[in-house]
Amino acid sequence: MPTADELINERTTGLLASAMAAAGAAPATAIHNCAAQLEGLAFSRRVTAVKEAVLADLPEDYPTFASVVHAALRRPDFNGWMTFPVNAAVAERALSRGVFEPALGLLAALTPRLTAEMAVRPFLHHDLHRALRPTLEWTRHPDHHVRRLASEGTRPRLPWAPRLTALVADPTPALPVLDALYRDTSEYVRRSVANHLNDVSRDHPDTAVATAARWLSNPAPTTPALIRHGLRTLVKAGHSDALALLGHDPDAAVQVGLDVHTPEVHIGEHLAFGYEITNTGSRRTCLVIDYVIHHRKANGDLTPKVFKLATRTLAPGERWSAVRRHSFRELSTRRYYPGVHRVQLQINGQPHGSAAFSLCGRRHPPAAP
């Protein structure tokens, strides 16, 4: 992922100042001044700093403020990450002045330059049902960026954004947006719909499955793939109704073999294990095959983490085998603790087999002579 300095930096902020000045915010002094003050700031703090500078340079009253932004939109050089803090400034200035629908319209105009998904969320927090009315209209917009904004901006658990607590509690008010978009011609839009459905599944699994079932009753050719992605968390969790909807029998008759090839793994290296799966039933069966690493915690307990492996359809008596390598490289998001760990297969949501291996500390290179 790009660093904060690669996204919003002195150069992009300087270009923003020039674009705003040319659009009527001359001389854009605050934006110019903040450009040299971004060094060492995290991304969110950079966004806030530039947003505050935009608010300082642009007119106080919302109509004149918006006219400057509209003028900037007529410039091809007003594009990319420089627009991200402007989106935030539009939301803050509009809500502070009691402006609602016109500001959402401006964010829809901005989103093709760089997504305004973060900036629409304060409006949803402020008045959910009022904000959802124009959002639903966006689902019919000719620009796929605006259609995606309808789905992505209303995600209950959008990454890197505050949760929409009202939609976490009850996702149904936003479901008409998804109903309007699940057959969209743009994969960019459909991917957002699938991720929104996955958000719903984390808090309301039955609602997510019922929604997916409704879509499958009137599908586009792309609908099955969308639903597989949208129900991925439930499939990993072994949710029986989600598995059944996708055609995976939780009670599939299989025989499983599991063999650890690296019984001792050092942090920074790979676990290697082989597996063999045989369909012992009397009919072809579609199998979602995952594997689970049971990581040792600081207190000695084991906690499972599910990883995708494969999807295979096996005929009666058919056997499939392969070898998997799993990295234990150090991550900022996970801390590894040495000790006995376990690897396990999960087939159609059900655990099968288990084997132990030892995770050791990082292997140190030999000392120089």
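The values are calculated or read from the model by the stated rules, or taken from the named source; none is laboratory data. Only a predicted model underlies this, so the values are computations on that prediction, with no experimental measurement involved. Note that we place each Cβ from the backbone using ideal geometry, even for glycine, and neighbour counts take in every protein chain shown.
Can we say Ala150 is assigned to a helix (DSSP H, G or I) and closer than 21 Å to Thr233 by Cβ?
Details: assigned to a helix (DSSP H, G or I): yes; closer than 21 Å to Thr233 by Cβ: no.
Answer is no for this residue.
Could you tell me which of the residues Ala108, Ala30, Ala91, Ala36 is over 24 Å from Arg133 (Cα atoms) and at pLDDT 95 or above? Full working, then the answer.
Working: Ala108 fails: over 24 Å from Arg133 (Cα atoms); Ala91 fails: over 24 Å from Arg133 (Cα atoms); Ala36 fails: at pLDDT 95 or above.
Criteria check complete, one pass: Ala30.
Which condition number in (1) small (Gly, Ala, Ser); (2) in contact (Cβ under 8 Å) with a residue 60 or more places away in the chain; (3) more than 30 Å from Val200 (Cα to Cα) is the one that Ala252 fails?
The failed condition is (3).
So the check is Cβ under 9 Å with 6+ separation or different chains; which pairs have a first residue in the range 160-179 that's outside any loop (DSSP other than H, G, I, E, B) and a second one that's of a type in the set (Phe, Trp, Tyr)?
Val177/Trp138; Leu178/Trp215; Asp179/Trp215
Taking the condition of being within 19 Å of Pro219 (Cβ to Cβ) and either of a type in the set (Lys, Arg) or not assigned by TED's automatic domain parsing to the domain that holds Leu243 (or both), how many residues in the range 184-205 meet it?
2
Residue-by-condition table, conditions (1) crowded, with 23+ Cβ neighbours inside 10 Å; (2) within 27 Å of the chain's Cα centre (by Cα); (3) not in a helix (DSSP H, G or I):
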{"residue": "Leu41", "(1), (2), (3)": "no, yes, yes"}
{"residue": "Ala56", "(1), (2), (3)": "no, no, no"}
{"residue": "Ala71", "(1), (2), (3)": "no, no, no"}
{"residue": "Leu107", "(1), (2), (3)": "yes, yes, no"}
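Which one of these does Ala166 not meet: (1) in contact with a Ser or Thr (Cβ under 9 Å, 6 or more places away or on another chain); (2) surrounded by fewer than 18 Cβ atoms within 10 Å (Cβ to Cβ); (3) within 29 Å of Pro122 (Cβ to Cβ)?
Checking Ala166 against (1) in contact with a Ser or Thr (Cβ under 9 Å, 6 or more places away or on another chain); (2) surrounded by fewer than 18 Cβ atoms within 10 Å (Cβ to Cβ); (3) within 29 Å of Pro122 (Cβ to Cβ), the one that fails is (1).
Kindly indicate whether any position in the range 83-105 is surrounded by fewer than 23 Cβ atoms within 10 Å (Cβ to Cβ), assigned to a loop (DSSP other than H, G, I, E, B), under 23 Å from the mean Cα position of the chain (by Cα) and in the same structural domain as Ile8 (by TED's automatic domain parsing).
No, every residue in the range 83-105 fails to be surrounded by fewer than 23 Cβ atoms within 10 Å (Cβ to Cβ), assigned to a loop (DSSP other than H, G, I, E, B), under 23 Å from the mean Cα position of the chain (by Cα) and in the same structural domain as Ile8 (by TED's automatic domain parsing).
Please list, ordered by first then second residue, the pairs with beta carbon atoms under 7 Å, 6 or more apart or interchain, first in the range 300-320 and over 18 Å from Val254 (Cα atoms) and without any contact (Cβ under 8 Å) to a residue 60 or more places away in the chain, second part of a strand (DSSP E or B) and aromatic (Phe, Trp, Tyr).
Final answer for the pair search is Phe307/Tyr291.
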